[in-house]
1. If only one of Cys72, Cys90 is surrounded by 16 or more Cβ atoms within 10 Å (Cβ to Cβ), hydrophobic (A, V, I, L, M, F, W, C), under 17 Å from Val16 (Cα atoms) and in contact with a Lys or Arg (Cβ under 7 Å, 6 or more places away or on another chain), which one is it?
2. From Val67, Val38, which residue is open to solvent by 10 Å² or more (accessible area, probe 1.4 Å), at pLDDT 95 or above and within 13 Å of the chain's Cα centre (by Cα)?
3. Of the residues Leu57, Leu33, which single one is among the aliphatic types (A, V, I, L, M), in a loop (DSSP other than H, G, I, E, B) and open to solvent by 70 Å² or more (accessible area, probe 1.4 Å)?
4. Here are Ala23, Ala98: which of them is in contact (Cβ under 8 Å) with a residue 40 or more places away in the chain, open to solvent by less than 80 Å² (accessible area, probe 1.4 Å), part of a helix (DSSP H, G or I) and touching a strand residue (DSSP E or B) at 6+ places or on another chain (Cβ under 6 Å)?
5. Taking the conditions exactly as written (open to solvent by 10 Å² or more (accessible area, probe 1.4 Å) and touching a Pro at 6+ places or on another chain (Cβ under 9 Å)), does Pro109 satisfy them or not?
Amino acid sequence: MKVGITTSGINMDAPVYSHFGRAPKLMIYDLDLDTYHVQKNEQSLNAAQGAGIQTALHLCDEKVECVITGNCGPIAYETLRAAGVSVCTCPACTIAGAIEKLKHGDLVPCAAPNANA
């Protein structure tokens, strides 16, 4: 399973970024292969509006099945859910900590968005 994680860093010790759409970077982590790569999220950082939906669509293109972030607004949340992508929040976690929680079933998908647009 591929997981998309919002971050400002480049490795597993980096924090999960608190704002989904405006995250500086996106980590795509493959749970099956235990590998990852990091991409800049410049298209959303520079967007006048619609950053959340752009980030959501980008992660859908990456074929992620789950997203881990700090907060996710309603439009991005609905875009991800419509694509079958679960959204989990893990504020104040490192990426490594969030992945471990996910692997152990301690990270539960959100039933609703947890931020305003």
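The values are calculated or read from the model by the stated rules, or taken from the named source; none is laboratory data. Every value quoted in this text rests on a predicted model; they were computed, and no experiment measured them. Cβ atoms come from the backbone with ideal geometry, glycine included; neighbour counts cover every protein chain shown. With ligands, DNA and RNA removed, areas are computed over all heavy atoms of the protein, side chains included. Shrake-Rupley method; radii C 1.70, N 1.55, O 1.52, S 1.80 Å.
1. After ruling out the rest, the residue left standing is Cys90.
2. Criteria check complete, one pass: Val38.
3. Leu33
4. Matching residue, one of Ala23, Ala98: Ala98.
5. It is false that Pro109 is open to solvent by 10 Å² or more (accessible area, probe 1.4 Å) and touching a Pro at 6+ places or on another chain (Cβ under 9 Å).
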